[in-house]
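Chemist: Following this message is one structure expressed as structure tokens.
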Amino acid sequence: MTHSADFEKALAVGRPPNVRKLFPNSRALLVSSKVMDRAMQAKGNAITIACNARSYFIVRGVLQAAQRANAPVIIEIAKSEGGQKSYCAVNYWNMATVVDALCNELGIMVPVAIHADHYGIKDAKDLAAAMIEIPTMFEAGITSIAVDASHQPDDLNLLANIAVNPLIPSWAGLETEVGEIKGNSGLSTPEEACFLIGGLNARGIFPDWIALNNGTSHGLEASDAGIQVDLTASVHAAIAPYKVNGAQHGTSGNSSERLREIANRTATTKANVATALQMVSWGLEVNDYGNAQLDANGNFIKVAGEGMTEELWVEVVAYADAKGWKKGDYKSLNLPFENRLMAQPAAIRERMSKRVEDFVFGMMTTVFNAKDSAPLAIAAILKAGSHDLGPKGARIEDPADWTDARIVEKAKSLSGDKGEAGNFDD
């Protein structure tokens, strides 16, 4: 486990200003997600798990898994899940408070980042709202953000990233995205990635991660088609001079074998897990791909004695049926049933979190090679002697080549297929 003396030193210098202000007496090591990126890079062929905090039970189980694996972890929520129109009780503005409280209760001594995932900017209206909203999220304890304007054309994607960057603290973890996550439709290309990262580099913006549409999708998967490892590796090789690593979205629906291949063959250091954790916490049967299994009648299989009570599960299904919801809509059950779940007996609540803990521990240790990486994360903090680890890369692009006008002109030469239209948020 992490040496206590080093933990104390990291606690003294590693917590960002917003975290110190919110939780002045806390012993939770809430940090920038740059810490996780550096730790995984130092270990090599390792990925930090970024778990979507759709419920209290998931957060609790994930933190227990991280402590058990002695690995740093990212707790995150996406705009669709935890924004102003959220379908989860955990959101952008209370996530840090929930995590901090649990870390103190459970005695968590590994670094934890609080990540605003998929902060979507789909149009000018979203951009205007972002200028107001992003600062409020950091005021509430966010330590990392994924700016996702990938729904827009390449030039507008880049320009949106540039526009909101002054609102993001320099110490914060930063993720950007090229190619909206929509399965095998509209796959990202090395050319598009170099355009986005090169333009940001010219403006003095150095993301820690880039997310791609590399063949996977959010939510429930009907098959294991999933991540295209060769495509991912080729994109990462193209942007290697910029020292930007990969963030893998939509891991549900991908086998452990394929996820290990992502760790071993690409520059991926962050991987999101969402839908699988929701299903695991509820007590549903889940396969190696993170997909909840269906019975002969096409219904989810509730494992007796696991997750929520069988009686409450009957109510959950009845509620969904009354709404006319399909299996992919079950994510919307998180908000209306959170308090019902919290009102279950302690033994039931504990088994919900324990099931998440065991699932995440297995991914951390046997799939993502993150076991015992917490000391590397703390070492990165101590080396910097600060909450601000600074950028990995440096400016290599000429700003004169990346004015707003030049960005618009350059984008015209990109030939990437954006794929089918539709709402691919999860």
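Chemist: Okay, which of the stretch 17-47 sit inside 16 Å, backbone N to the point 7 Å along the Cα-Cβ direction of Ser4?
Modeler: 27-28
Chemist: Could you work out the pair-distance distribution P(r) of the chain from its alpha-carbon pairs, with 20 angstrom bin width and percents rounded to whole numbers?
Modeler: Per 20 Å bin, starting at zero, the Cα-Cα P(r) for the chain comes out as 28, 60, 12, 0 percent.
Chemist: Going by Cα centres, the stretch 351-407 and the stretch 57-90 are how many Å apart?
Modeler: After rounding, the separation between the Cα centres reads 16 Å.
Chemist: Oh, and also: With a 10 Å Cβ neighbour count serving as the proxy for reagent exposure, in which order, fewest first, do His387, His151 appear?
Modeler: Lowest count first: His151, His387.
Chemist: Using a 7 Å offset from the Cα along the Cα-to-Cβ direction at both Leu106 and Ser234, what is the distance between the two label points in nm, to one decimal?
Modeler: About 4.1 nm separates the two model spin labels.
Chemist: Can you give the Rg to Rh ratio of the stretch 61-217, both from alpha-carbon atoms, with Rh computed by the Kirkwood formula?
Modeler: 0.98
Chemist: Let me ask another. Relative contact order for the stretch 306-395: what percent, with Cα pairs under 8 Å and sequence separation of 6 or more?
Modeler: 30
Chemist: If you don't mind, another one. With a 10 Å radius around each residue's Cβ, average the other Cβ atoms per peptide and rank 49-58, 367-376, highest first.
Modeler: Ranking, from highest mean packing down: 49-58, 367-376.
Chemist: Kindly list the residues of the stretch 240-276 that lie in the label zone of Asn287, defined by a backbone N under 15 Å from the point 7 Å along the Cα-to-C-beta vector.
Modeler: Under cut-off, by backbone N: 252-258, 276.
Chemist: Please give the length that would be gained between Glu191 and Arg340 if that part of the chain were fully extended, namely 0.36 nm times their separation in residues minus their C-alpha to C-alpha distance (nm, one decimal).
Modeler: In short, 48.8 nm is gained.
Chemist: A further question follows. Quick check on the chain: helices-only [θ] at 222 nm, where DSSP H runs of length 4 and up contribute -39,500 (n - 2.57) each and the sum goes over total residues. Nearest 500, please.
Modeler: -13000 deg cm²/dmol
Chemist: Along Cα→Cβ, 7 Å out, is where each label goes; now give me the distance between the ones at Glu311 and Asn297 in nm to one decimal.
Modeler: 2.1
Chemist: Which of the residue pairs Lys79/Lys327; Lys21/Lys43; Lys21/Lys125; Lys34/Lys302 have a Cα-Cα distance greater than 27 Å in the structure shown?
Modeler: Check vs 27 Å cut-off fails for Lys21/Lys43; Lys21/Lys125; Lys34/Lys302.
Chemist: Using a 10 Å cut-off around each Cβ, can you sort Ser32, Ser252 from fewest to most neighbouring Cβ atoms?
Modeler: Arranged by neighbour count, lowest to highest, Ser32, Ser252 become Ser252, Ser32.
Chemist: Write out the trypsin sites (Lys or Arg not before Pro) in the stretch 85-189 meeting two conditions: DSSP loop, and at most 12 other Cβ atoms within 10 Å of their Cβ.
Modeler: Sparse-neighbourhood loop trypsin sites (Lys or Arg not before Pro): Lys85.
Chemist: State the extension gain, in nm to one decimal, for the chain segment bounded by Glu350 and Asn94, taking 0.36 nm per residue of separation less the distance between their alpha-carbons.
Modeler: The span from Glu350 to Asn94 would gain 90.0 nm if fully extended.
Only the coordinates and a few stated rules stand behind these numbers; no lab work does. Not measured: the values here are computed from a predicted model. Note that we place each Cβ from the backbone using ideal geometry, even for glycine, and neighbour counts take in every protein chain shown.
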